[in-house]
Amino acid sequence: MIRLENIHKSYRMGKNKLHVLKGIDLHIKQGELVSIMGSSGSGKSTLLNIIGILDNYDEGKYFLDKTLIKGLSEKKAAFYRNKMLGFVFQSFNLIPFKNAMENVALPLYYQKIPRKKRNKKALEYLEKMGLRPWAEHLPNELSGGQKQRLAIARALITRPKVILADEPTGALDSKTSMEVMELMRQINHEGITMIIVTHEQDIAEQTDRIIHLKDGRIENDAISTETKQKVFETLVEEEAAVV
Amino acid sequence: MIIDRDKWQEIFSTINKNKLRTFLTGFSVAWGIFMLIILLGSGQGLQNGVQHQFANDATNSLWIYQGLTTKPYQGMNAGRKIQFTNADYIRTKNLDSRINHISGRSRVGSKTISYKNNYGSYSIRAVDPAHRFIENTIITKGRFLNRMDLEHFSKVVVIGNAVDKDLFKHGANPIGKYVKIGDIPFEVIGVFKAAGGNGEIRKVFIPVSTAQRVFNGGNRLDQIAFTVGNATLAQTKQIEKEVRYEFARAHHFDPADRRAIHISNNLADYEKVMNLFLGIRIFIWIIGIGTIIAGIVGVSNIMMIVVKERTKEIGIRKALGATPRSIIGLILLESVVITSLAGYLGLMAGVGLLELVNKYMPPTDFFRNPQANLSIALIAMALLVIAGAIAGFIPAKNAASIKPIDALRDE
Ligand SMILES: Nc1ncnc2c1ncn2[C@@H]1O[C@H](COP(=O)(O)OP(=O)(O)OP(=O)(O)O)[C@@H](O)[C@H]1O
Ligand SMILES: [Mg+2]
């Protein structure tokens, strides 16, 4: 589903160049549930944004469902984002002046689906997320967990192939985090590939595969319980080294 | 349809949720259009007012007044008074075929006019029957002076509407009644008002021949006025020159002596005033265009702020699959809808105010019937809408082309 070959990415900060991704090779198959871990500044978000076609990369190749994603026109990029990808952000990124139903229905607007049909579908997804009674509410009338479920509903409504989540539970308490994570797992069971960037061991433990990023490189790609445990330990060491 | 219901929905929900911003954008447009309408309207009102004053006099009339010579000529000293007589009247009448109505006038001044116990002091105009074509007069009762009155030295009088009201109380019919001018009875043959409108006219007309005989005028005239049909300004100037030359010859003064007689050319005055109005109109246009530009700048600024404010929203929309085109369309359409609606409101408010002024403010000599040229207002509005669209387009295009991740990072 996702294939990255020797991806490089630098940010230009005035005269200096900050080399953030230093040759990422990664293959994620359809239906995988993957988490990306790493210390702050290791390039997790950068990587996820490149996968999500929200940002471009400098070097290497990125194939999304066998299509090379490079130098796309904005129109093409919009098409792939809409059809193939769903996003869940730490800060929810809901449109504040649209109610829950309208927020969820928005991706379908860009598919030119008629309003009635759109809203009907949005209500279905709100129902699934247990948000049906809040359909007419504005985002700021919802709790953090509700907002994130709303964002998930919005990511799901186009039936994307891949859902990308950047610290989806970062702004939630642990109980709500677990609920949200449970939801994500269910969605993954329906066959949607899912990539979650997280700091939290509890979250990563629930994924099938943990990719450990360190300083712009893949330090570890863990599938077995032992290797996962190893990742957690090295991460704790990294944290300690910083302090 | 280019704009489907969804787009409208989208636009009205954003407008609805951003009322202050919408109000600010709308206000600068509405204000611009409103001011333009008021300016254009007042300009027109001023012009109508002054034009109306000219309605009193035929705009093609020439008035000859007597003066004092300022240059010695043929052995005569300067400072000699030129006195007109009936001979001047006849001479002028035959001077040029384009002269169609002509009247001599003899000065009588103001006199007391009485009817029974009512009396007042009114200005007496001793004129030729043709006078009513020179100074547009409208007969409301009876008739004006005619040739017979002139030839028979008839003691008849045409009175102004104010004189009628003063002397003939309770709507009594003045026609055929005798009033006394000084001690001399004159028969009232008509009542008139000025062509200009409802002004109170406190003067009366009597035949110039009668005046000369009754009020010791001899064959003297004080003024000669005539109209020149539809002669152009250049032709009128030519006639004026002929008149001056003929009078100089007859009265022995230097044709170059501008003070010996005065000729006032109503057409030239009229054109002068019209030129003044051209100036005023240009001035109004400059201010109007300034107002419109201010409106455009206002709209541009606000559109820029709108786009800035919505950067994050644009990022979200892009992440969800919005094409640059749909983003640009959204912002442009919003700007166009707001500016058109606001422009329309400003237009209505401006036109409404002018209508109120029309209805409740009595017309004066300087101001009447203000009216804005609606097509100009509509063009101005279209201009603002287009400007708003362009003002929205550039920032919208920039916003639509930044990377979604950069837009999303915007706080
Ligand atoms: N737009 C940008 N311009 C310049 N530098 C950036 C930009 N975005 C990220 N960086 C830098 O790139 C590096 C990697 O950033 P990234 O956001 O990918 O880290 P991360 O692993 O997601 O960290 P965190 O866990 O704190 O979210 C950091 O040093 C960051 O400061
Ligand atoms: Mg990050």
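The values are calculated or read from the model by the stated rules, or taken from the named source; none is laboratory data. What you see is a predicted model; the values in this text were computed from it and never measured. In this analysis, Cβ positions are derived from the backbone assuming ideal geometry, glycine residues included, and neighbour counts consider all displayed protein chains. In case anyone asks, the SASA skips ligands and DNA or RNA and just uses the protein heavy atoms, side chains included. Shrake-Rupley method; radii C 1.70, N 1.55, O 1.52, S 1.80 Å.
Per-residue answers, yes or no, for (1) at positive phi; (2) free of Cβ contacts under 8 Å to residues at least 40 places away in the same chain:
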residue	(1), (2)
A:Leu47	no, no
A:Phe79	no, yes
A:Phe92	yes, no
A:Phe97	no, no
A:Tyr125	no, yes
A:Leu131	no, yes
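For B:Thr364, are the conditions met, namely being part of a helix (DSSP H, G or I) and in contact (Cβ under 8 Å) with a residue 12 or more places away in the chain? So B:Thr364 does not fit the description; no.
Residues are listed down the side, and each one gets a yes or a no for (1) open to solvent by 80 Å² or more (accessible area, probe 1.4 Å); (2) more than 14 Å from every other protein chain (Cβ to nearest Cβ); (3) of a type in the set (Ser, Thr, Tyr); (4) touching a strand residue (DSSP E or B) at 6+ places or on another chain (Cβ under 9 Å):
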| position | (1), (2), (3), (4) |
| --- | --- |
| B:Asn266 | no, yes, no, yes |
| B:Met274 | no, yes, no, no |
| B:Phe277 | no, yes, no, no |
| B:Gly288 | no, yes, no, no |
| B:Val307 | no, yes, no, no |
| B:Thr311 | no, no, yes, no |
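When segment A:19-41 is filtered for residues that are in contact with a strand residue (DSSP E or B) (Cβ under 6 Å, 6 or more places away or on another chain), closer than 26 Å to A:Glu200 by Cβ and either β-branched (Val, Ile, Thr) or within 10 Å of ligand 1 (Cβ to nearest atom) (or both), the ones remaining, listed by number, are A:Val20, A:Leu21, A:Ile24, A:Ile28, A:Val34, A:Ile36, A:Met37, A:Gly38. Considering segment B:51-168, the qualifying helices (runs of 4 or more DSSP H), each wholly inside and each with 1 or more residues that are touching a residue at least 60 places away in the same chain (Cβ under 8 Å), run over B:86-93, B:131-134, B:147-151.
Listed here are the strands (runs of 3 or more DSSP E) enclosed by segment A:162-243 that have at least 2 residues being under 30 Å from A:Tyr11 (Cα atoms) and either open to solvent by 70 Å² or more (accessible area, probe 1.4 Å) or aromatic (Phe, Trp, Tyr) (or both): A:217-222. Exactly one residue among B:Phe253, B:Phe168, B:Phe205, B:Phe247 is under 32 Å from the mean Cα position of the chain (by Cα) and at pLDDT 90 or above, and that residue is B:Phe205. Summed over segment B:219-234, the residues that are part of a strand (DSSP E or B) and of a type outside the set (Lys, Arg) give a count of 6. Does any residue of segment A:117-125 turn out to be buried (at least 22 other Cβ atoms within 10 Å of the Cβ), within 16 Å of ligand 2 (Cβ to nearest atom) and at the interface with chain B (Cβ under 9 Å from one of its Cβ atoms)? No, that holds for no residue.
Every residue, every condition in (1) among the acidic types (Asp, Glu); (2) within 17 Å of the chain's Cα centre (by Cα); (3) facing another protein chain (nearest Cβ under 10 Å); (4) open to solvent by 20 Å² or more (accessible area, probe 1.4 Å), yes or no:
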{"residue": "A:Lys17", "(1), (2), (3), (4)": "no, no, no, yes"}
{"residue": "A:Lys29", "(1), (2), (3), (4)": "no, yes, no, yes"}
{"residue": "A:Val34", "(1), (2), (3), (4)": "no, yes, no, no"}
{"residue": "A:Ile50", "(1), (2), (3), (4)": "no, yes, yes, no"}
{"residue": "A:Tyr62", "(1), (2), (3), (4)": "no, yes, no, no"}
{"residue": "A:Arg81", "(1), (2), (3), (4)": "no, yes, yes, no"}
{"residue": "A:Val88", "(1), (2), (3), (4)": "no, yes, no, no"}
{"residue": "A:Asn103", "(1), (2), (3), (4)": "no, no, yes, no"}
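Among the residues making up segment A:146-169, a single one is touching a Phe, Trp or Tyr at 6+ places or on another chain (Cβ under 7 Å) and free of Cβ contacts under 8 Å to residues at least 40 places away in the same chain: A:Gln146.
Selection over segment A:1-15 of residues that are open to solvent by 30 Å² or more (accessible area, probe 1.4 Å) and within 15 Å of ligand 2 (Cβ to nearest atom) gives a count of 1. Across segment A:70-79, the qualifying residues are those that are of a type outside the set (Gly, Ala, Ser) and facing another protein chain (nearest Cβ under 9 Å), and the one among them that is surrounded by the fewest Cβ atoms within 10 Å (Cβ to Cβ) is A:Lys75.
Against the conditions (1) within 30 Å of A:Ala78 (Cβ to Cβ); (2) open to solvent by 10 Å² or more (accessible area, probe 1.4 Å); (3) not in a helix (DSSP H, G or I), B:Gly321 satisfies every one except (2).
Residue-by-condition table, conditions (1) over 23 Å from A:Tyr125 (Cβ atoms); (2) away from ligand 2 (no atom under 14 Å from the Cβ):
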{"position": "A:Asp166", "(1), (2)": "no, no"}
{"position": "A:Asp173", "(1), (2)": "yes, yes"}
{"position": "A:Thr176", "(1), (2)": "no, yes"}
{"position": "A:Val180", "(1), (2)": "no, yes"}
{"position": "A:Ile187", "(1), (2)": "no, yes"}
{"position": "A:Asp202", "(1), (2)": "yes, yes"}
{"position": "A:Gln206", "(1), (2)": "no, yes"}
{"position": "A:Asp215", "(1), (2)": "yes, yes"}
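Restricting segment B:14-54 to residues that are of a type outside the set (D, E, K, R) and within 14 Å of chain A (Cβ to nearest Cβ), the residue that is nearest to B:Met348 (Cα to Cα) is B:Thr22. A:Thr67 meets all of the listed conditions (1) away from ligand 1 (no atom under 16 Å from the Cβ); (2) surrounded by 14 or more Cβ atoms within 10 Å (Cβ to Cβ); (3) among the hydroxyl-bearing types (Ser, Thr, Tyr) but one, namely (2). Among the residues making up segment A:105-116, those that are open to solvent by 10 Å² or more (accessible area, probe 1.4 Å) and at negative phi are A:Tyr109, A:Tyr110, A:Gln111, A:Ile113, A:Pro114, A:Arg115, A:Lys116.
Scanning segment A:16-33 for residues that are β-branched (Val, Ile, Thr) and either within 16 Å of ligand 2 (Cβ to nearest atom) or closer than 11 Å to A:Ile218 by Cα (or both) yields a count of 2. Please indicate, with yes or no, whether at least one residue in segment A:88-96 is in a helix (DSSP H, G or I) and closer than 22 Å to B:Ile405 by Cβ. No: segment A:88-96 contains no residue that is in a helix (DSSP H, G or I) and closer than 22 Å to B:Ile405 by Cβ.
All of (1) in contact (Cβ under 8 Å) with a residue 60 or more places away in the chain; (2) more than 14 Å from chain A (Cβ to nearest Cβ); (3) of a type outside the set (Gly, Ala, Ser) hold for B:Glu411 with one exception: (2). Residues in segment B:132-189 that are polar (S, T, N, Q), surrounded by 15 or more Cβ atoms within 10 Å (Cβ to Cβ) and in contact with a helix residue (DSSP H, G or I) (Cβ under 8 Å, 6 or more places away or on another chain): B:Thr137, B:Ser154. Against the list (1) surrounded by 15 or more Cβ atoms within 10 Å (Cβ to Cβ); (2) under 35 Å from the mean Cα position of the chain (by Cα), the condition B:Thr232 fails is (1).
Taking the residues in segment A:5-15 that are out of contact with any strand residue (DSSP E or B) (no Cβ under 7 Å at 6 or more places or on another chain) and within 11 Å of ligand 1 (Cβ to nearest atom) as candidates, determine which candidate is farthest from the other protein chains (Cβ to nearest Cβ). Only one residue fits best here, namely A:Gly14.
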